[in-house]
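**Student:** One structure coming up, written as structure tokens, with questions to follow.
The values are calculated or read from the model by the stated rules, or taken from the named source; none is laboratory data. Treat the numbers as computed from the prediction; the structure is a model and nothing was measured. FYI the Cβ positions are ideal-geometry reconstructions off the backbone, even for glycines, and counts take in every protein chain you see. The area values use the complete protein model at the heavy-atom level, side chains included, leaving out ligands, DNA and RNA. Shrake-Rupley method; radii C 1.70, N 1.55, O 1.52, S 1.80 Å.
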Amino acid sequence: YYKGRFIHPLNLATKNMSNKLIKRFFILLLSTGLCALGGVFFAVQWMQTPVPLSAKTTQATQTTQVTEVSSAPAPIFEINRGESTAQIANRLAAAGHLQWPLIWRAYAHWVENKPIQAGEYQLPARVTPLGILHQLQRGEVIKYTVTFPEGITYNEFLEILKQQPKLRHELSNKPIEEHKKLLQFSYETLDGWFFPDTYSYLAGDSDKTILVQAHKKMQQTIERAWRSRAENLPYMSAGEALVMASIIEKETGDAREREKIAGVFVRRLKAKMRLQTDPSVIYGLGEAYSGNLTQKDLQTPGPYNTYLNEGLPPGPIANPGEKAIYAALHPAEGDELYFVAKGDGSHVFSAHLNEHNKAVEHYQRTNRTEHYRSSPQNKNTP
């Protein structure tokens, strides 16, 4: 009897068993929950703990060479297009960057569910698994750079591009005759219309992409400079100003003399005098130029021979920089009509022919230095 009621022994045993099962179930549930919380805590802690560099990672760091990226030792990891998170996690583990790829994969799927971007990545030393995930999701890929010095030709642009192993050579391996069509180029000559600068690119980018950028930047630069040009210039178009800028670029790289040289050439054009500029003749000779400009060269007819032809040559002779473009459109005032290189990179300017002839005799013949230079020593060369 229990409180005046009769309870069958079988019912009492069933009730006691149910209470025990419920207790065991709750204990099991609590244990499972604690284990799960412990697992989550471990996963979160592990994701935020820097990964020690394994022997495999260290070896990869020592044998990998990357141009124009951080000099600090850091392994390179490349993600291919179409790779799954599981494939990436397994390859990261195989390369020694992850100890628990399954946890990293689960975290990427359930917590940081964002797409991973393809490309080359430079993983910093002591980076955390979470840091790796964020880097891949943000697409913080390696950026390479290529630099084109001022005053080089289009062919020299191509030679520099050929030396970039991370570029896809879509143009630089094709005949030059096809380049205009592939670049949708509308100008007569390729020279002069590519801005010398430093450009960034990613592994697998095309050399065509860089050339398109350089061409667009040159168009923008010359058009902007043309709008703010000085008055009474002897140019009919921005293209003619670019021709002049290319001559100035090849005549000198000295910033102190650019406007002065531009002034000489502008005054000669206005006076219907021939420009008589050696770089233009050399450009016109092409492969026939021996390295030493001779009287025979100066007397050889050609569209770029400014000793025989009046006015500007038919096109740019190089790709000028912004300072040379500015000088062409803002020439210095004065009465000088001649200049001659002194041999140290600077020039002597003269207003009269007899003064110029004396300077030529002094610097070019009588006192010509052993290490004669017509441009400054720090002039950029390809």
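**Student:** Which pairs in the list 114/143; 174/208; 143/208; 174/217; 250/270 are over 19 Å apart, alpha-carbon to alpha-carbon?
**Tutor:** On the way: 114/143 22 Å; 174/208 11 Å; 143/208 17 Å; 174/217 23 Å; 250/270 21 Å.
Those over the limit are 114/143; 174/217; 250/270.
**Student:** Solvent-accessible area per residue for the range 174-313 at a 1.4 Å probe radius, Å²?
**Tutor:** Numbers: 7190 Å² over 140 residues.
Value returned for the range 174-313: 51 Å² of accessible area per residue.
**Student:** Search the structure for amide H atoms under 5 Å from the amide H of residue 344, placed 1.01 Å from N in the peptide plane, and list their residues when 5 or more places away or on another chain.
**Tutor:** Result for residue 344 returns 373.
**Student:** For residue 207, what accessible surface area do you get with a 1.4 Å probe? Give it in Å², rounded to 10.
**Tutor:** 0 Å²
**Student:** Report the extension gain between residue 236 and residue 183 in nm, rounded to one decimal, defined as 0.36 nm multiplied by the number of residues separating them, less their alpha carbon distance.
**Tutor:** 16.5 nm
**Student:** Please report the carbon-and-sulfur percent of the accessible area for the range 256-297; probe 1.4 Å, protein heavy atoms only, DNA, RNA and ligands left out.
**Tutor:** The C+S portion of the solvent-accessible surface of the range 256-297 is 46 percent.
**Student:** Using 1/(1 + (r/R0)^6) with R0 = 41 angstrom and r between the beta carbons of residue 145 and residue 290, what's the FRET efficiency to the nearest 0.05?
**Tutor:** E between residue 145 and residue 290, to the nearest 0.05, is 0.70.
**Student:** Along Cα→Cβ, 7 Å out, is where each label goes; now give me the distance between the ones at residue 169 and residue 216 in nm to one decimal.
**Tutor:** 2.5 nm
**Student:** While we're looking at this one, here's another question. Through the Karplus equation 6.51 cos²θ - 1.76 cosθ + 1.60, θ set to phi - 60°, convert the phi angles of the range 308-318 into ³J(HN,Hα) values in whole Hz; use x for Gly and Pro.
**Tutor:** 9, 9, 7, x, 6, x, x, x, x, 9, 6
**Student:** While we're here: Between residue 272 and residue 255, what is the label-point separation in nm under the 7 Å Cα-to-beta-carbon projection?
**Tutor:** If labels sit at residue 255 and residue 272, their model points lie 4.0 nm apart.
**Student:** Same structure, new question: Are there GluC sites (Glu not before Pro) in the range 217-290 that DSSP marks as loop and that have at most 16 other Cβ atoms within 10 Å, and which are they?
**Tutor:** Those satisfying the criteria are 231.
**Student:** How many nm separate the modelled label positions at residue 308 and residue 155, each set 7 Å beyond the Cα in the direction of the Cβ?
**Tutor:** 2.0 nm
**Student:** Which order do 352, 347 take when ranked by solvent-accessible area (1.4 Å probe, heavy atoms of all protein chains), largest first?
**Tutor:** 352, 347
**Student:** Through the Karplus equation 6.51 cos²θ - 1.76 cosθ + 1.60, θ set to phi - 60°, convert the phi angles of the range 184-194 into ³J(HN,Hα) values in whole Hz; use x for Gly and Pro.
**Tutor:** 6, 8, 10, 8, 5, 10, 6, 5, x, 9, 10
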